[in-house]
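Novice: I'd like to ask you about the structure that follows.
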Amino acid sequence: MKVRTVTLTLVTSALLALYSGCGNDGSNPPGIGAGNDAGGIVHHDSAIPDAPSGDTGPNPATCTDHVKNGNETDVDCGGSTCPPCADTQHCAAPTDCKSGNCVAMTCVAATCMDHIKNGKETDIDCGGGDCTPCLVGKSCKGTADCQSNICTNGTCLCTGGMVTIPTALTLGGSYCIDPTEVTKKEYNDFWVANPNLGTNLPASCSFKTSYTPSSDWPPTLTSSGYNGGDPVHYVDWCDAYAYCRWKGKRLCGAIAGGAVPQASLADRLQDAWYNACSALGANAWPYGSSYNPNAFYGADKFIDAGPPDISPVRDMGSNIVTSCQGGASGLYMMSGNVAEWEDSCDASAGSSDNCLVRGGSYTSNMNQLRCDAMAAATRGTRSATLGFRCCL
């Protein structure tokens, strides 16, 4: 056993010495080293053969492989190359979602309050049938997309003769308002048509039996004694509401349409009448921030000019009498003359509901003529000092 061990050791040492002498430093076993040895033998770094020419390795990510890969945010969707994801799927940005709405890394359904133009909307959060009609200046595809019912060249516009009033809303947009109070001549057209009471009035007006003003009616529309350009008065809230609806408009209330809460009477972002009167909240009176008794038809104007009375707002040719400038160009008589009914009532029970009246009248003093003045009358009141104008 001792002789065999010595012999094996000597043989091993001799082989290592021979290998080292053949150009190998002994760090790589035979057949594993790189390069050519002294005998011209090529040694490979790996025993694994090279891949055949044309083999591209693993399949690349696609949008139809049913795997979340590449830069997809969910399986086969999202990212820069695949279609947007459906609701409830994962996302990293709004563009990853069909709805355009990515909340907490999840695609959520389009709504009319998400400040994104999505779903069937024609502009941000409006139009398309699912959301409320759009304000003036917004994009549209048809008349139903517009609060004004006028869509021209893809934009909502005001109907002819109305004044466009801008807003300070975050999403922008404008609305329409009559340039003056409704005249006797204009109201007479409605009165002669005598539209059905039931189809033009809300349930709170069920007490109504006619649209006839309680006094100073009918108007004189001939040249002798013509008064058709005076604002109509002796009309109650329901008369005003029905007339505006008959004209395809609405009694001024909320900018977005419908009634405005009485607590918001001086909120330029909600109240259409106030926003127009005050030049988007900038003025205390329609013309500015300093009281001028001669700027409109209030009580102070008549102290030295005879008994107070209403003043015409249009001539016999229906041209506007351009006095008492309002809070926007082309807008008149927002304070004084006759106070104006507003779609802002404290209940919906009937004739005893208290509804706001705006702007004061020819009998009003300085504070009552302010754009933010608080005044009300019961829904069924007909008075010499009460008229109205319409919005859209």
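Novice: Report the residue count in segment 185-200 for those that are closer than 14 Å to C244 by Cα and either acidic (D, E) or modelled with pLDDT of 95 or more (or both).
Specialist: 7
Novice: Using the structure shown, decide if D230 is touching a residue at least 24 places away in the same chain (Cβ under 8 Å) and acidic (D, E).
Specialist: yes
Novice: While we're on this one: Taking segment 220-246 on its own, how many of its residues are under 25 Å from S323 (Cα atoms) and surrounded by fewer than 20 Cβ atoms within 10 Å (Cβ to Cβ)?
Specialist: Total meeting the criteria: 9.
Novice: Still on this structure, please answer the following. From the list S290, S323, S318, exactly one residue is within 20 Å of I177 (Cβ to Cβ), assigned to a loop (DSSP other than H, G, I, E, B), modelled with pLDDT of 90 or more and out of contact with any Leu (no Cβ under 8 Å at 6 or more places or on another chain). Which is it?
Specialist: That would be S318, the only listed residue that is within 20 Å of I177 (Cβ to Cβ), assigned to a loop (DSSP other than H, G, I, E, B), modelled with pLDDT of 90 or more and out of contact with any Leu (no Cβ under 8 Å at 6 or more places or on another chain).
Novice: Here is a follow-up. Out of segment 155-201, which residues are surrounded by 13 or more Cβ atoms within 10 Å (Cβ to Cβ), more than 16 Å from the chain's Cα centre (by Cα) and in a loop (DSSP other than H, G, I, E, B)?
Specialist: If the condition is that a residue be surrounded by 13 or more Cβ atoms within 10 Å (Cβ to Cβ), more than 16 Å from the chain's Cα centre (by Cα) and in a loop (DSSP other than H, G, I, E, B), then C158, T159, M162, D178, P179, T180, E181, V182, P195, L201 are the ones that fit.
The values are calculated or read from the model by the stated rules, or taken from the named source; none is laboratory data. Note that the coordinates shown come from a computational prediction; the quantities given were computed from them, not determined experimentally. No Cβ is skipped: glycine too gets one built from the backbone with ideal geometry, and neighbour counts run over all protein chains shown.
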